[in-house]
Each structure stands twice: as structure tokens, then as C-alpha cells.
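These notes concern the structure reproduced below.
The values are calculated or read from the model by the stated rules, or taken from the named source; none is laboratory data. Please read these numbers as outputs of a predicted model, since none were measured by experiment. Counting neighbours? That spans all protein chains shown, and the Cβs are built from the backbone with ideal geometry, glycine included.
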Amino acid sequence: MQKIIIATNNDKKLNEIKSLMHMSNINFCSLSDLNIDSCPEPFDTFIENALAKARHASKNTGLPAIADDSGICVDALEGKPGIRSARYASLTATDKENITKLLENLNGETNRKAHFYCSMVFVRHYLDPEPLITEGIWAGEILKSPQGSNGFGYDSIFLDFKTEKSSAELALDIKNRISHRAQALQKLTHKLKMIYD
């Protein structure tokens, strides 16, 4: 059975990725499973950060690696928080602190359009010259206050246009069909099946 490392120490993200990648012939593990530290994310684009994380994980394990970089991009804030979504309020910010800062920065703003973006990268080895790269975009808008208790990150203040519910109010099976990460993973899974099936 092929082993692939998912370059994250975020258990919620790891479980989401594992549940979306329906590949019974692959054993997925995380950085924390192998006691490997997370990689710095020094770049200004999602793709570059995801690629850096995938190469870091592969180099330190000798395994093929999957990494993503994702975040929420708000039109009125010129795409912020963007790549700094997880550390918007501070380097050690909680989800609640990030949400509070975003809502404060949008106070009085009528344009609340936003989208989640995900860049997903797979490398066969850390020097792979042909990484597989996919993306997903999930359009919606920012609510004025949190709604729902599912999910993580900005889910409770992101209103999905199609369902008219916050991401945190969606049943997991619905979110796993329409989210930015789901879209990117569906495309990546299709490509991986050509390699590993």
C-alpha cells in the first residue's frame, strides 16, 4: 500500500482531507504522526506556500506529499486576510480572534463579498519537477455575526450563496461537495488515480 504524507499538523484539516480522498489503496499520515515540524510559509501566494510545505514534508520523510494553502479573501479588504488567514489577528491567533478582527475591519462595509481559496499540491519526491497542482474557489459573503457550530476557521461567518447557510451550518456531506478544499481535492484525487490505480 502506498503511503503519502499530508503536510499539516492541523487535525481538523487532516480529517477533512482524508475523508475527501476516497482512495483505499493509500495510507495517509500527517506531520505530527512522524514528529515533523511545520514548514514556514514565507511566500505571498497560496501556490508557492503549498509547494514549499509539500517539498518540506517529502524531504523530511522520503514520502510523496500532499499540501494545501488556503484562506479567505474579502473583496472590500483587497483580498485580505488571504494567505495570512490563520494568523490574521496575530501569529498565535485563535479562530475566534481572527473572526473578531475580520468583523471589526468590515464594520459598516456594505460590500461583504468573499471567497475561500485553496491551492492543493502533490509531489512524488521533494525535487519533483512536475508537481500536481489543483485549486478550488468557494464564493459567498461575510456575515455580520457567527452562525452555526460546525467546522473551523472562518466557517461560522462565511455565507454560502447557493445554500444560504453559513459554512458552519452545513452538514458535513454537503460541505464536502462544495467547499474550496473539496473542489481542489476532487481534482487532485482524479489525477492521483491515474498514478496509483
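Summary table
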quantity: Complete set of residues in segment 30-59 that are hydroxyl-bearing (S, T, Y), within 18 Å of K13 (Cα to Cα) and assigned to a loop (DSSP other than H, G, I, E, B); calculated: S38
quantity: Boolean, T94 is touching a residue at least 12 places away in the same chain (Cβ under 8 Å), surrounded by fewer than 21 Cβ atoms within 10 Å (Cβ to Cβ), among the β-branched types (V, I, T) and under 30 Å from A57 (Cα atoms); calculated: no
quantity: Search result, residues across segment 103-149 that are assigned to a strand (DSSP E or B) and in contact with a Pro (Cβ under 8 Å, 6 or more places away or on another chain); calculated: V121, F122, V123
quantity: Segment 166-186 residues that are assigned to a helix (DSSP H, G or I), paired with ones that are buried (at least 23 other Cβ atoms within 10 Å of the Cβ) and aliphatic (A, V, I, L, M) (beta carbon under 6 Å, 6 or more apart); calculated: A184/M120
quantity: First in segment 113-127 and more than 17 Å from G153 (Cα to Cα) and at pLDDT 95 or above, second anywhere and in a strand (DSSP E or B) and of a type in the set (S, T, Y), Cβ under 6 Å, 6 or more apart; calculated: M120/T134
quantity: Residue tally, condition part of a strand (DSSP E or B) and out of contact with any Pro (no Cβ under 6 Å at 6 or more places or on another chain), over segment 1-29; calculated: 8
quantity: Extreme residue, surrounded by the most Cβ atoms within 10 Å (Cβ to Cβ), among residues of segment 1-60 that are acidic (D, E) and within 28 Å of K80 (Cβ to Cβ); calculated: E16
quantity: Positions within segment 101-136 being hydroxyl-bearing (S, T, Y) and either buried (at least 16 other Cβ atoms within 10 Å of the Cβ) or in contact with a strand residue (DSSP E or B) (Cβ under 7 Å, 6 or more places away or on another chain) (or both), in sequence order; calculated: Y117, S119, Y126, T134
quantity: Candidate set from segment 148-192 (those that are charged (D, E, K, R) and surrounded by 20 or more Cβ atoms within 10 Å (Cβ to Cβ)); member that is nearest to I6 (Cα to Cα); calculated: R181
quantity: Residues within segment 143-174 that are under 13 Å from the mean Cα position of the chain (by Cα) and either over 16 Å from L103 (Cα atoms) or modelled with pLDDT under 90 (or both), tallied; calculated: 2
quantity: Restricting segment 56-97 to residues that are among the basic types (K, R) and over 17 Å from the mean Cα position of the chain (by Cα), the residue that is nearest to Q147 (Cα to Cα); calculated: K96
quantity: For K13: the one exception among (1) over 17 Å from the mean Cα position of the chain (by Cα); (2) within 19 Å of C118 (Cβ to Cβ); (3) of a type outside the set (D, E); calculated: (1)
quantity: Hits in segment 61-103 - residues which are polar (S, T, N, Q) and under 21 Å from N9 (Cβ atoms); calculated: T61, S70, S85, S90, T92, T94, N98
